[in-house]
Amino acid sequence: MGITKTKKATVLAVGLGLLTLSACGSTDSGSGSGGDSKTVTLVSHGSFAYSKDVLKAFEKESGYKVKVLKSGDAGQAVNQAILTKDNPQGDVFFGVDNTLLSRALDNGLFQPYEAKGLDKVGAAYQLDKDEHRVTPIDSGDICVNYDKAYFSEKKIEPPRSFDDLIKPEYKDLLVTENASTSSPGLGFVLGTAAKYGDDGWASYWEKLKANGVKVVDGWEQAYYQEFSGSTDGKKAGGDRPLVVSYASSPPAEVVYADPRPKTAPTGVATGTCFRQIEFAGLLSNAKNAEGGKALVDFLISKKFQEDMPLNMFVYPVVEGASVPVEFTEYGPAAKDPETMAPKKIAENRDQWVKSWTSLVLK
């Protein structure tokens, strides 16, 4: 018996805010951090997840009660936090990623705080290292996934790179998400912009369109309805053996299958990956700044970092933090993913999405 679609969506979304959940509290029923120095409130997108025993351990050690407010996807959550920055809903915001980071920083969403243990976070993740307004928490790779059975039956090698996707043998095989409505869809476009540059990415998409790429609104539709490699995709009659998803989708397929397969039914085209990094920050007008600092410290503690992978299907950023064997066996992180500076993303994102929409959808 497979896992439910809701459960799959939570774990396969890789903590990038694809779900919309109502606000909820973790262990405290109070009204937030205001006026209660023993309550610290974390505001996040809907995909933030954790083990209750790990959070309880922090509460016991720190003396703070933690309240978690989750609402919307990453973009919605960031925008809401900016709109309420003068009177924030909480003390710490988690879930702004490198595609949205400049927007948050330019709007003064966070106050500087150099977290304890930051020296153990890899330098490549520290995109605000000079000012410490945000602290890196996790990373994940947006990549094309492929249906192993399809390519085995057809005796075709699965694609490995962006260049491969425009070859004739992969015509009408790929489904991706709308870059204007979907986080992985946007990440995939940014990956092509990083790979082919300002002058080459649009030409690449013209070739990809000519090769039959299909665009749907969001990740759930792409993965559960169109992709032939996922359990639900098979049931739905999905006929696309290539889908834009995550490097950690194959291990999630294994972990949440019942019974577990010996090997993952899907693989990753590692030459198509774009690295996303998620951050947390102390909100500028946090009512419980000291509690917020303790919570940020906790988020990069080894205990929390090692708890993340099987809850949010993301990778830790702290050196020495272990990941489950399922990750190393079925979904290792890309060795050389495409990346892009937040400033460049901020300067080009809206125009790229507009150009992509005109080019691909019309």
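The values are calculated or read from the model by the stated rules, or taken from the named source; none is laboratory data. Fair warning: this is a prediction, and the values are worked out from it, not measured in the lab. Backbone-built Cβ (ideal geometry, glycine too); neighbour counts: all protein chains shown. To get the accessible areas, we keep the full protein, side chains included, count just its heavy atoms, and leave off ligands, DNA and RNA. Shrake-Rupley method; radii C 1.70, N 1.55, O 1.52, S 1.80 Å.
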### Task
Once you have a ≥ b ≥ c as the square roots of the Cα gyration tensor eigenvalues for the range 185-344, tell me rounded if a/c is under 1.5, and otherwise prolate or oblate according to whether a/b is larger than b/c.
oblate
### Task
Starting from the Cα-Cα distance between THR84 and SER358, subtract it from 0.36 nm times their residue separation and give me the gain in nm to one decimal.
95.3 nm
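What does the charge dipole of the range 41-189 about its Cα centre add up to, to the nearest 20 debye, if the Cβ of each Lys and Arg holds +1 and the Cβ of each Asp and Glu holds -1?
Here the range 41-189 has a charge dipole of around 440 debye.
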### Query
Rounded to the nearest 5, what is the percent of antiparallel bridges among the DSSP beta bridges in the chain?
60 percent
### Query
What FRET efficiency, computed as 1/(1 + (r/R0)^6) with R0 = 22 Å and r the Cβ-Cβ distance, is obtained for LYS214 and GLN76, rounded to the nearest 0.05?
0.30
### Query
To the nearest 10 degrees, how steep is helix 289-299 against the longest Cα principal axis of the chain, on a 0 to 90 scale?
40 degrees
### Message
Along the Cα→Cβ direction, 7 angstrom out, place labels at GLN351 and SER180. What is the inter-label distance in nm?
### Response
1.8 nm
### Query
Using a 1.4 Å probe on the protein chains only, how many percent of the accessible area of the range 54-157 belongs to carbon and sulfur?
45 percent
#### Entry: the chain: angle of helix 74-83 to the longest principal axis, Cα-based, in degrees nearest 10
40 degrees
### Message
Rounding to the nearest 10 and keeping the result within 0 to 90°, find how far the Cα-based axis of helix 342-360 lies from the longest principal axis of the chain.
### Response
40 degrees
### Query
For the range 87-138 and the range 50-67, what is the separation of their Cα centres, given in Å?
21 Å
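Is the C-alpha gyration tensor of the range 258-344 telling us rounded, prolate or oblate? Criteria: a/c under 1.5 is rounded; beyond that, a/b larger than b/c is prolate, otherwise oblate.
Judged from the Cα gyration tensor, the range 258-344 comes out oblate (a/c at least 1.5, b/c at or above a/b).
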### Message
Let me spell out the model: positive unit charges on the Cβ of Lys and Arg, negative unit charges on the Cβ of Asp and Glu, origin at the Cα centre of the chain. What dipole size does that give, in debye rounded to 20?
### Response
520 debye
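What is the gain in length, in nm to one decimal, between GLU206 and GLU157 on full extension, counting 0.36 nm per residue of separation less the C-alpha to C-alpha distance?
Full-extension gain reported as 15.3 nm.
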### Message
Using the Cα centre of the chain as origin and beta-carbon charges of +1 (Lys, Arg) and -1 (Asp, Glu), tell me which of GLY200, PRO324, VAL121 is placed farthest towards the positive end of the dipole.
### Response
PRO324
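Under the rule a/c < 1.5 gives rounded, and otherwise a/b versus b/c splits prolate from oblate, where does the range 99-168 land using the Cα gyration tensor?
prolate
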### Task
Report the charge-dipole magnitude of the range 94-154 in Debye, nearest 20, computed about the Cα centre from +1 at each Lys and Arg Cβ and -1 at each Asp and Glu Cβ.
100 debye
### Query
For the range 279-316 and the range 239-277, what is the separation of their Cα centres, given in Å?
26 Å
### Query
Separation between the GLU329 and ASN107 pseudo-spin-labels, each 7 Å from Cα along Cα→Cβ, expressed in nm?
4.3 nm
### Query
Which of LEU208, LEU83, LEU55 moves most in a GNM of the chain, Cα contacts under 10 Å?
LEU83
### Task
Can you pull the one-decimal nm distance between simple spin-label points at ASP239 and ASP258, each 7 Å off the Cα toward Cβ?
3.3 nm
### Message
Calculate the FRET efficiency for SER322 and ASP198 from the Cβ-Cβ distance with a Förster distance of 41 Å, rounded to the nearest 0.05.
### Response
0.55
### Message
Running a GNM on the chain with Cα contacts under 10 Å, which residue among ALA321, ALA149, ALA77 ends up with the highest mean-square fluctuation?
### Response
ALA149
### Summary
Taking 132-138, 42-48 and ranking on average Cβ neighbours within 10 Å, highest first, one gets 42-48, 132-138
### Query
Pick from ALA49, ALA269, ALA57: which is most flexible by mean-square fluctuation in a GNM of the chain where alpha carbon atoms under 10 Å apart are linked?
ALA57
